[in-house]
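The values are calculated or read from the model by the stated rules, or taken from the named source; none is laboratory data. Bear in mind the structure is a predicted one, so any value in this text is a computation, not a measurement. Cβ coordinates were reconstructed from backbone atoms using ideal geometry, including for glycine residues, and neighbour counts include every protein chain displayed. What goes into the accessible areas is simple: the full protein's heavy atoms, side chains included, and nothing from ligands, DNA or RNA. Shrake-Rupley method; radii C 1.70, N 1.55, O 1.52, S 1.80 Å.
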Amino acid sequence: MKSKRAIDHIWMTGIVFLMIYRPAIFPGVSITDVLFVISVIGYLVCTKRKINLSDFVPNKEIKLYIYIMVIAALYSSGITFISGGRWNYGYTFIKLILYSIVYAAYICAFMKKNKYEFRHLVNWLLWASVVQSAFVIAMLLNNNLRTQIITSLINNGAGGITMDRFLAYPQRSFGLGDGYWSGLSVVSGILADLAVVFSLKYSSKYYLFIPGLLLTAAVNARIGLIVFLIGLIFIIFMNNNTSISRKIGFVLIIAFVMAFLPYVINYLQSVAPSTFRWITQITEHFNNMTEQEGSGTYYHLNPFYWRWPSIGATIFGTGKSIFGTEGLANFGFSSDSGYLGIIYRGGLVLSFLLYLAVFFLCIPKKLRKSQYKIIGILCFVSLLVQNYKGGIFYFNEYYTMIIILIVAIYQVGDISGNQLTGRKET
């Protein structure tokens, strides 16, 4: 029995690692498609070939989320087609829903079949982050290994990184994944917050996951650290029922991390000086923003450089992208802001639909009244923070993880046997 449980934990840790981080480990074959097939087959095995719609759409909140996203996809495709852009842009929303929901259905079916709890899912995610941290550390210590891994991912068709970008930004891209410039970092920030939540609720051992998560966030995209800090504020103010001893332990852990941090930074300076400089230059970037200078993401996020379309286009959208080379080709300039990107693509109409869908996904009424409300709020806030830096409404690491977590909250019971369903709370 113990050996089976051990195999289950190893299997699911590997599965969630691949689902979340999505490294291009197969040449010419998308890992997301492979996982989609595995999820469908795995679900059928776990349910003995019985398909239950409630496993995919567990309640009216998730159903409403899907309806709104489908409407957003149709509107986005329509306005893009009218403007002469890529008419199939709305497919990105459909893929986000379809793949993530199927992934979640398989994971939940596996958990219910083998009597696992919601906490086990968080454990698998955290152990997957340990595997990721091991790759990050190994690549920090051995630059040749890092180059070999990144080159292999690019040759296998990785979608989130190119050789030109890797060579242009040598201070970033550590670990085994795809979304080095946002996804890897944001996922780490969310998981670090979950580790804090579970430390306060269950055991202090969850604090041990946090250093690796913050390291992964810091060396890839600093936005993950911001997500973690903002989430930490919500955790502190929302955990009124935490015992005094756990609160004291929390303060001591934070104090220890702050005391130990300078030693880690100094060591990072010796093994990866360019990464060290990039991390510590964050204040310089913000100073440049106020002086209307700077480069990269911060240059385009400076409010001085935000350029809004006409009133009509602001309401209904232009149907064209403002990101990267597409933005330069379409408008003569580009912006990294996800908020502005949605305005250009589909205006306030599309913005309203997408943000309403996120609200119904992360903090519906049932979730707000449950013990899981902090998780829903963390997911909601992390998406809004990341959307300031870049787009979020596509099939990516953090959105996939959030859908898996939210669906599992409704599908799988916790340590006390409690869960949320479409009919009642128990």
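Looking at segment 101-174, the trypsin sites (Lys or Arg not before Pro) that sit in a DSSP loop and have at most 10 other Cβ atoms within 10 Å of their own Cβ are Lys115. Among the trypsin sites (Lys or Arg not before Pro) within segment 42-84, those in coil by DSSP and having at most 11 neighbouring Cβ atoms inside 10 Å are Lys48, Arg49, Lys50. Kirkwood radius, segment 157-238, all distinct C-alpha pairs, inverse of mean reciprocal distance: 13.3 Å.
Taking one quarter of the surface of the C-alpha convex hull of segment 5-90 gives a mean projected area of 8.4 nm².
Taking square-rooted eigenvalues a ≥ b ≥ c of the alpha carbon gyration tensor, is segment 8-158 rounded, prolate or oblate, where a/c under 1.5 means rounded and, failing that, a/b exceeding b/c means prolate? Judged from the Cα gyration tensor, segment 8-158 comes out oblate (a/c at least 1.5, b/c at or above a/b). The listed residues Val37, Val358 rank as Val37, Val358 when sorted by accessible area, largest first, using a 1.4 Å probe. Here the translational diffusion coefficient of segment 83-176 follows from Stokes-Einstein with Rh set to the Kirkwood radius across Cα pairs; for 25 °C and 0.890 mPa s it amounts to 148 µm²/s. With only the Cα atoms considered, segment 181-229 has a convex hull volume of 48 Å³ per residue. The fraction of accessible area contributed by carbon and sulfur in segment 24-123 is 68 percent, rounded to a whole number (1.4 Å probe; ligands and nucleic acids excluded).
Label-to-label distance, Leu356 versus Phe234, with points set 7 angstrom from Cα along the beta-carbon direction: 2.2 nm. Once the chain from Val29 to Glu326 is taken as fully extended at 0.36 nm per residue, the excess over their C-alpha distance is 104.3 nm. Between Val37 and Ala134, full extension at 0.36 nm per residue minus the direct alpha carbon distance yields a gain of 32.1 nm.
For segment 29-75 versus segment 146-220, the spacing of their alpha-carbon centroids is 26 Å.
Surface composition of segment 176-236: carbon plus sulfur atoms contribute 77% of the solvent-accessible area (1.4 Å probe, protein chains only, all chains present).
Note on Leu53 and Asn156: the extension gain reaches 33.6 nm, defined as 0.36 nm multiplied by sequence separation minus the Cα-Cα distance. Within straight-line reach of Lys389, meaning a Cα separation under 24 Å, sit the following lysines at least 8 residues removed in sequence or on another chain: Lys95, Lys320.
Across all Cα atoms of segment 1-54, the radius of gyration (one decimal) and Dmax (whole number) stand at 13.3, 39 Å.
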